[in-house]
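A short reminder: the numbers here are calculations on the coordinates, not readings from a lab. Not measured: the values here are computed from a predicted model. Please note: Cβ atoms are built from the backbone with ideal geometry, for glycine as well, and neighbour counts cover all protein chains shown.
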Number of protein chains: 4
Amino acid sequence: MRMPWTCPNGYSDSRTLQPVVRNLNMFEAAPDWTVREWLNTDRPLSLQDFQGKVIVIEAFQMLCPGCVSHGLPLAQKIRDTFGADQVAVIGIHTVFEHHDVQGGKPALEAFLHEYRYRFPVGIDLRNEGERIPATMGHYEMQGTPTFVLIDKKGRRRRQYFGMVSELVIGSEIGQLIAEPL
Amino acid sequence: MRMPWTCPNGYSDSRTLQPVVRNLNMFEAAPDWTVREWLNTDRPLSLQDFQGKVIVIEAFQMLCPGCVSHGLPLAQKIRDTFGADQVAVIGIHTVFEHHDVQGGKPALEAFLHEYRYRFPVGIDLRNEGERIPATMGHYEMQGTPTFVLIDKKGRRRRQYFGMVSELVIGSEIGQLIAEPL
Amino acid sequence: MRMPWTCPNGYSDSRTLQPVVRNLNMFEAAPDWTVREWLNTDRPLSLQDFQGKVIVIEAFQMLCPGCVSHGLPLAQKIRDTFGADQVAVIGIHTVFEHHDVQGGKPALEAFLHEYRYRFPVGIDLRNEGERIPATMGHYEMQGTPTFVLIDKKGRRRRQYFGMVSELVIGSEIGQLIAEPL
Amino acid sequence: MRMPWTCPNGYSDSRTLQPVVRNLNMFEAAPDWTVREWLNTDRPLSLQDFQGKVIVIEAFQMLCPGCVSHGLPLAQKIRDTFGADQVAVIGIHTVFEHHDVQGGKPALEAFLHEYRYRFPVGIDLRNEGERIPATMGHYEMQGTPTFVLIDKKGRRRRQYFGMVSELVIGSEIGQLIAEPL
């Protein structure tokens, strides 16, 4: 049974909301993302481009308060803290609600510009007639913000929906960094 | 000479940025707003509707980080703190940049819904060929977020561009409340 | 019946704890404080010294987490925000627990020095055999931190035990400032 | 040459202050602490008691604002985040200033009680005539708060003086956890 697709709303929630954690089968290769268009990069990116590095995916929506106040600032902080040779940070714009008003590339471009986010962001591909975009579906994400940690071998190791503490995600990134290639 | 129209960006700025304060002529009647469409109210509103009350205007843009992290939450806090019989809170969506991607009513509706803002919000009217919308122009606002305090007699008494401390704006609202009608 | 003498503990509490508010009889003159020793002032102070000004008393203990994280920083912010000709800020060290380890003047001096608090602080006088010091008793404070607002005529107008929002206390100070002498 | 013994003061500093980081020789065994008295434990503790675990030492003083607002809450958060079978958290009260007013066990006991810190805390031994207590000296700490990370084999691996980000210390703890015994 699926959990409801809800967006953890707003700042006040973010103090109390416990993340929904998924401990994944360590041997499962992460599905590649299915991206319609990219921003903050001059060419399309795939999981293979980051082999040997830890990958942090932050799935977000522009109109999701929990993403704006928590998920995206944390993604940027991860980008600023770890060397690009060790950790890759990728944003995926996974619009699953208010499709008509937050889907476009120019709006997302203005958003990333104003908030000064510099990591690559892909717009999740939504197939005609579908509510949930493709990457969001393949990863079985339950809403936004969602963080996914992928290890150096391309295996999905952890997935958080909601707010996650810096100490926790920092420790998990550290453990994945320490693993042998 | 006009100051540049800039949007104080993001949360980190908000800690250090001093607001630009305007002490206004106490006898100047506030210009009425010029609103294209309203949200969170079932009828158009005018300054006259609030005579006898203190009015707090929060001018904002959806894509302005300083509005999202500071201005709008403070406006809501003012709404929650003071009785509606004493203080009116009005948002004005004064889009002066990225016009193509943040101007529409449905997008603003989704934004207010997701962030759970319940006070009335008017979309500032922008005349053809103009960059700055009308209310923003009449009030000579320098950017967003801007707070305007209007007294019980409809006179504009204070205007802040940027971050303003709760203690300061709280005190000024208190002083205006204490004034005789 | 008296409420229990408890100290709102710690930072996490401070987010949720509602203050206990007392609306006082507007015609009651504030009791003067009963202070054993003063710091941050070269002479003893009394209520009469501040006639014509709004007085903010912050009652605290060095070993009270809610005072250290909330009450004292707010008192300093009030001191920094309002002119000394309009608002006086007075700290009172009202020790009612752990008497043996937090009562001394040298310890309080080191504390105020390290935290850089510059407003006058009086050590509440505790009579032999009493648990509650004198000023705390006269004001019927229920614990720390407690804020007391006294108007320009020396009348106690409001008393908060616990956390109080900046918007609320700012507004009340503003209203007292606006009152005619 | 020694750096000055200063205590990073207060909350405002904590936002900007960069920690002084020491990358230590990985093969250097950590010096054991030299503790006069223990709190929050029924028996004296030594490094050997935690062999096979990552050890986090938080050196603090009760009257150090940076310790109260940053170091100690972070130590407790580390305690709450990681299993006791993986990570040990030890506080050391390293008084190097205001000796007369913050050294005693009863005061520290009241402090730990009020702030609800439950991890073991040792009072650093100060030899007669010395200003700097023994553990602080052996570790060449430059002030408080100082975090020390010790690996499973008892080697001191990292030392921070000042504010350290949760993401950074989380990652380093994670890397030490991932190392083979």
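In chain D, helices alone account for a calculated mean residue ellipticity at 222 nm of -7500 deg cm²/dmol, with every DSSP H run of four or more residues adding -39,500 (n - 2.57). Listed by chain and number, the aspartates and glutamates whose C-alpha is less than 15 Å from the C-alpha of A:LYS153, apart from same-chain residues fewer than 8 away, are A:GLU28, A:ASP32, A:ASP49, A:ASP85, A:GLU179.
Modelled spin labels at A:HIS99 and A:ARG116, positioned 7 Å past Cα toward Cβ, are 3.6 nm from each other.
So what is the relative contact order of chain B, in percent, for Cα pairs below 8 Å that sit 6 or more residues apart? Walk me through the numbers before you get to the answer.
Values: 327 pairs, mean separation 66.2, N = 181.
Computed over chain B, the figure is 37 percent.
Peptide C:62-72 is shielded by partner chain Cβ atoms: per residue, an average of 3 of them sit within 10 Å of its Cβ. Looking at the protein assembly as shown alone, DSSP beta bridges between its own residues are antiparallel in about 65 percent of cases. Put simply, the amide H of B:ALA88, placed in the peptide plane, has neighbours under 5 Å in B:VAL54, B:ILE55, B:VAL56, leaving out anything fewer than 5 places away on its chain. B:ARG131 label point (Cα plus 7 Å toward Cβ) to equivalent points in the other copies: 4.2, 5.9, 6.8 nm, shortest first.
Could you line up A:PHE50, A:PHE119 from fewest to most neighbouring Cβ atoms inside 10 Å? If you can, show how the numbers build up before the last one.
On the way: A:PHE50 17, A:PHE119 21.
The order, fewest Cβ neighbours first, is A:PHE50, A:PHE119.
Per Stokes-Einstein, at 25 °C and 0.890 mPa s, what whole-number D in µm² s⁻¹ belongs to the protein assembly as shown, with the Kirkwood radius over Cα pairs as the hydrodynamic radius?
Values: Rh = 28.4 Å.
Diffusion coefficient, whole number: 86 µm²/s.
Cross-link pairs exceeding 22 Å in C-alpha to C-alpha distance, out of A:LYS53/A:LYS77; B:LYS77/C:LYS77; C:LYS105/D:LYS105; C:LYS77/C:LYS152; B:LYS152/C:LYS77; C:LYS77/D:LYS105, comprise B:LYS152/C:LYS77; C:LYS77/D:LYS105. For the listed peptides A:34-44, A:89-99, a ranking on the average number of other beta carbons within 10 Å per residue, highest first, reads A:89-99, A:34-44. Taking the label point 7 Å along Cα→Cβ, D:GLN51 and its counterparts in the other copies are spaced 4.3, 7.6, 8.7 nm apart, in ascending order.
Using the eigenvalues of the Cα gyration tensor, what equivalent ellipsoid semi-axes result for region B:116-181 when each is taken as the square root of five times the eigenvalue, whole Å, largest first?
Numbers: eigenvalues 127, 40, 32 Å².
After scaling each eigenvalue by five and taking roots: 25, 14, 13 Å.
Taken over the alpha carbons of chain B as equal point scatterers, the Debye sum produces base-10 log I(q)/I(0) values at 0.08, 0.09, 0.12, 0.16 Å⁻¹ of -0.22, -0.28, -0.50, -0.95. Treating r as the C-beta distance of D:GLU109 and D:ASP49 and R0 as 25 Å, the FRET efficiency rounds to 0.70. Projecting 7 Å from Cα along the Cα-to-Cβ direction, the label point of B:VAL21 sits 2.6, 4.0, 4.8 nm from its equivalents in the other copies, listed shortest first. The dipole here belongs to region D:59-181: it is taken about the Cα centre, uses +1 on the Cβ of Lys and Arg and -1 on the Cβ of Asp and Glu, and is about 300 debye. Note on region B:27-123: the alpha carbon radius of gyration divided by the globular reference 2.2 N^0.38 Å gives 1.05. The residue in chain D that lies nearest, by its beta carbon, to the axis linking chain D with chain C is given here with the distance in whole angstrom as D:VAL68, 3. What is the Cα centroid distance between region A:124-154 and region D:108-178, reported in whole angstrom? Value for the Cα centre distance between the two parts: 41 Å. Taking label positions 7 Å along the Cα-Cβ direction at both D:ASN127 and A:ARG131, the computed distance is 7.3 nm, reported to one decimal. Take every residue in peptide C:159-172, count the Cβ atoms of other chains within 10 Å of its Cβ, and give the average of those counts. Partner Cβ neighbours, averaged per residue: 5. Could you work out the relative contact order of region D:93-173, using alpha carbon pairs under 8 angstrom and six or more residues apart, expressed as a whole percent? Reported as a whole number, the value is 22 percent. Between D:ARG157 and D:LEU149, D:ILE150, D:ASP151, the built amide H atoms are under 5 Å apart, and every one of these is 5 or more places off in sequence or on another chain.
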